[in-house]
Ligand code: COS
């Protein structure tokens, strides 16, 4: 594994950071307060290629290697986790899933639209009774002639209200358990498909979260993604990409916390000296610095495997588990270093603190990541 960035990767970081500081940061606080999903920022990101990720150019993507993809995601995460969540879902859960499992026709139809931001995508796996136990899908799809009729509800779906296309997981054969789950591509305009926006979240207040309601929603057989019964594997492989993106976004949060709190620790004086000269403050800065490097290395290790087209479930879960927990630690300590000044929404560390928490929950809780890691190491499944 090469630990040096290429010239191109360095330029991608510089370009993304400049974009984030000019186009995202100025409206982050306002969007957070008003819970406004910044659709126009997503359009701007698309114009400079930031929605194309590792999707090949022939489908309108940016053909990034996975380390560059992480770098972009880190920089957006350092600026605003709501925007980062939007692109994590768009690129990692939707585009890369269609790229891997879609027919040629589906790839040509949807990928250029998604990479150009003309379409927003969402990932409909979670249900009121199927969170960690993702195989326990209640949503059903029944075949009628050349159509499938989908009924059910999906909850906590990022991008859900704005999405033009949803990947929906449904039971097509309840008897078969996880092998009876099938994935479908459902367009927003399909009769029977509706959404309800969810507001009042602790963090990610500018990210669009919704409930999806499928009520006798009819789709053609050609809307199936992959084969009948492949849905659970599709969902798990999608999460290998989604969790990678969440982990990279958390690296961005840790970086942001370290940048702001170390600058403040040098400037802020108490007892006649900079607070950074006190050992208890240095303790927090040192832990943040080590967490940042460790989280990066775990992300890049997973990215290195992805670049080689190798399975990276274990490494991705390690990166997601460590980086999300470290982001919560970093944001907690950053507020501590700023004291009362960190407790106000005028200070970005306050938003880091609220935004970081969900990363230990969505796309598989820290507990689920630990069980995946433990099962891989021991060769013993934690679930029967
Ligand atoms: N890629 C491809 N296939 C995978 C896979 C992956 N990363 N992980 C598992 N699978 C396959 C397995 O190979 C197995 O298929 P076979 O029987 O053909 O070998 C099948 O899926 C079942 O795998 P497993 O038995 O490991 O699943 P479990 O039911 O034991 O555990 C967990 C599944 C709990 C790990 C899973 O349900 C999970 O990740 N839950 C969290 C869901 C989540 O993250 N939700 C967040 C909302 S989405 S934003």
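The values are calculated or read from the model by the stated rules, or taken from the named source; none is laboratory data. Just so we're clear, the structure is a prediction, and the values are computed from it rather than from any experiment. Counting neighbours? That spans all protein chains shown, and the Cβs are built from the backbone with ideal geometry, glycine included.
Observations on the model:
Yes/no matrix, rows are residues, columns are (1) surrounded by fewer than 24 Cβ atoms within 10 Å (Cβ to Cβ); (2) within 13 Å of the ligand (Cβ to nearest atom); (3) at pLDDT below 95:
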{"position": "75", "(1), (2), (3)": "no, no, no"}
{"position": "95", "(1), (2), (3)": "no, no, no"}
{"position": "99", "(1), (2), (3)": "yes, no, no"}
{"position": "103", "(1), (2), (3)": "yes, no, no"}
{"position": "107", "(1), (2), (3)": "yes, no, no"}
{"position": "114", "(1), (2), (3)": "no, no, no"}
{"position": "126", "(1), (2), (3)": "yes, yes, no"}
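- Considering (1) free of Cβ contacts under 8 Å to residues at least 60 places away in the same chain; (2) closer than 19 Å to residue 361 by Cβ; (3) assigned to a loop (DSSP other than H, G, I, E, B), the lone condition that residue 132 does not fulfil carries the number (1).
- You will find that of 267, 228, the residue that is away from the ligand (no atom under 16 Å from the Cβ), at pLDDT 95 or above and in contact with a strand residue (DSSP E or B) (Cβ under 9 Å, 6 or more places away or on another chain) is 267 and no other.
- Some residue of segment 237-247 being out of contact with any strand residue (DSSP E or B) (no Cβ under 7 Å at 6 or more places or on another chain) and part of a loop (DSSP other than H, G, I, E, B): no
- From 91, 67, residue being touching a helix residue (DSSP H, G or I) at 6+ places or on another chain (Cβ under 6 Å) and either touching a residue at least 24 places away in the same chain (Cβ under 8 Å) or surrounded by 14 or more Cβ atoms within 10 Å (Cβ to Cβ) (or both): 67
- Residues that are outside any helix (DSSP H, G or I) and either surrounded by 17 or more Cβ atoms within 10 Å (Cβ to Cβ) or more than 12 Å from the ligand (Cβ to nearest atom) (or both) within segment 353-378 comprise 362, 363, 364, listed in sequence order.
- Selection count, segment 337-352, where residues are outside any helix (DSSP H, G or I) and more than 17 Å from residue 265 (Cβ to Cβ): 3
- Total residues in segment 153-167, condition out of contact with any helix residue (DSSP H, G or I) (no Cβ under 7 Å at 6 or more places or on another chain) and either in a helix (DSSP H, G or I) or more than 15 Å from the ligand (Cβ to nearest atom) (or both): 2
- Screening residue 170 with (1) away from the ligand (no atom under 14 Å from the Cβ); (2) not in a strand (DSSP E or B) gives one miss only, at (2).
- For residue 319, the conditions (1) away from the ligand (no atom under 12 Å from the Cβ); (2) surrounded by fewer than 23 Cβ atoms within 10 Å (Cβ to Cβ); (3) within 16 Å of the chain's Cα centre (by Cα) are fulfilled apart from (2).
- Elements of type helices (runs of 4 or more DSSP H) contained in segment 1-65, each with 1 or more residues being farther than 22 Å from residue 349 by Cβ: 7-19, 39-47
- For residue 138, the criteria (1) without any contact (Cβ under 8 Å) to a residue 60 or more places away in the chain; (2) within 16 Å of the ligand (Cβ to nearest atom); (3) assigned to a strand (DSSP E or B) hold in every case but one, which is (3).
- Which listed residue, of 295, 319, is more than 20 Å from residue 350 (Cα to Cα) and in contact (Cβ under 8 Å) with a residue 60 or more places away in the chain: 319
- Checking residue 329 against (1) at negative phi; (2) within 15 Å of the ligand (Cβ to nearest atom), the condition it does not meet: (2)
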